[in-house]
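Here is the structure we will look at, set down as structure tokens.
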Amino acid sequence: MKNVKFILMVAFAMMGFSAIAQEVNYDDPKYAVWGSSGEERKQNMLNNQFLKESVDNRNYKAAAGYLKVLLEKCPKASQNIYTNGTKLYKNLINRAGTDEQRAMYIDSLFYVYDVRLANFANHAKYGKAYILDRKAKEYLSYKPDDREGLRKIFNEAIKATEEKNGKPDLELVLIYFSNLCEDYQNDVADATLIIAEYDRFSPVFDSAEGEEAAEMKSQFDNAFGVSGAASCENLEALFSKKLAEAPEDEALLNQAVTLMSRANCNSDFFFHTAEKYYAVKPSSSTALFLAQGFQNRNEFDKAMKYLNEALAAETDAAEKEKLYVRMALISMQMGNHSEAMKAAKEIQNINAENGYAYYIMGQCYAASANSEFAGQACFWAAYDTMSKAVELLGSEPQILESAKKMMAAYRGSFPTKEECFFNEVQAGARYTCTRGFASGVSTTVRYR
């Protein structure tokens, strides 16, 4: 039935074409692209029509015959020859019964692209850049294991788009670079190539404008960052050279800090770069980052410097809350309970549900304890406050675990029943602490 339908369509096409043909002078030079004689031109124009109808009706054997003739006789005649040719072989690839057949059809598909490029490279809209763009993406789909061939065709396509538009196509670059990073992870490309290509294409993304371009830049940077090629040593080699040429470039400094922090770098060069970025564009997020880094290096004075600077300029309550949390933690690490307590109260004033406030305050209350009864009573306040921290620190598993251990230690330090008896207090009674940071805090009497 399908063959009958196709024969009828061809017959109707020929009837229609014959009617037109009677009015057409195929010897006219404008039809020269279709053949060397009027009769050949007429036949090839028919072949082009039959090619489309054969593909549409899935008569791929007939379509392949028409395509072969058209590519041999009139390869410059029409872009439609190649549109239908690629459609033909993509369908055959999907229907191939064996690996050998599939490979043959894939080769034929790329042959169609090559002939099209040879004949239509200079087309204003669908020329070299367009053809190589399509070919590169098809190559990734059908020959993903040919990594060297893939890099070659994508570089050709990128170069063609740059020649046409004055800049390479961002999507092509992103696909190429993402695959290159995968090659590095699979040990088929070295770090030097990844670094060189990142260096080569970074300015392209940096100069691009618009939301879509920004998203592709983010993906480009992320591919580099997670590739493993972006080691601290490699990144330092890359950015030391670039920053020597443009030491105040805000975008470049941001890029360096982002990538090196993602790689967990902690070299002097990294911190020098981060400080320079903060000087160019101060922000609470960068101050937090620097403070944590210097805290890890036990350079507490530097850490507090950036936190205080950021707090002086910050107006957003949520950002100030984060700064105070870091300030409180660093103060505790320094053993400065007074500053830690101040920061904890600031956190509590901004957000009473922030578990860090109670985590710090509990430790400050415990720091007020000593061997006297009034000192031991501080552990009741410390336990209560740390218990509140445990309720609120569910999203911070490491801090939560630390808070639970402190609670157990505080409970083990409660006064004994005898000590409470001699100080005339009983379990369950209210008690107001009188020592240190816990002074004035109301709590409940409990025995060890």
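Data for the structure
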{"quantity": "Förster-model FRET efficiency, 56 Å R0, Glu72 and Ser240, C-beta, rounded to 0.05", "calculated": "0.45"}
{"quantity": "Radius ratio Rg over Rh of segment 179-281, counting only Cα atoms, Kirkwood formula for Rh", "calculated": "0.95"}
{"quantity": "Helix axis angle, 211-226 relative to the chain longest principal axis, alpha carbon, degrees", "calculated": "70"}
{"quantity": "Projected label distance in nm at Glu233 and Lys137, using a 7 Å step from Cα toward the beta-carbon", "calculated": "4.0"}
{"quantity": "Folded to 0 to 90 degrees: helix 250-262 orientation relative to the chain principal axis, Cα", "calculated": "70"}
{"quantity": "Loop-resident sites, segment 207-297, for GluC sites (Glu not before Pro), counting at most 11 other Cβ within 10 Å (DSSP)", "calculated": "Glu209, Glu248"}
{"quantity": "Cα-derived Rg to Rh of the chain, Kirkwood definition", "calculated": "1.28"}
{"quantity": "FRET efficiency, Glu353 to Asn165 (Cβ-Cβ, R0 45 Å, nearest 0.05)", "calculated": "0.25"}
{"quantity": "Segment 139-229: Cα Rg divided by the 2.2 N^0.38 Å rule of thumb", "calculated": "1.04"}
{"quantity": "Inter-site label distance for Thr315 and Ala251 at 7 Å from Cα along Cβ, in nm", "calculated": "2.8"}
{"quantity": "Acute angle (nearest 10 degrees) that the helix 60-73 long axis makes with the longest principal axis of the chain, alpha-carbon atoms", "calculated": "70"}
{"quantity": "Relative contact order for the chain, counting Cα pairs under 8 Å that sit 6 or more residues apart, in percent", "calculated": "6"}
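Here, each number is a calculation from the coordinates, and none is a lab measurement. These figures come from a predicted structure and were not determined experimentally. Positions of Cβ are generated from backbone atoms using ideal geometry, with glycine treated the same way; all protein chains shown enter the neighbour counts.
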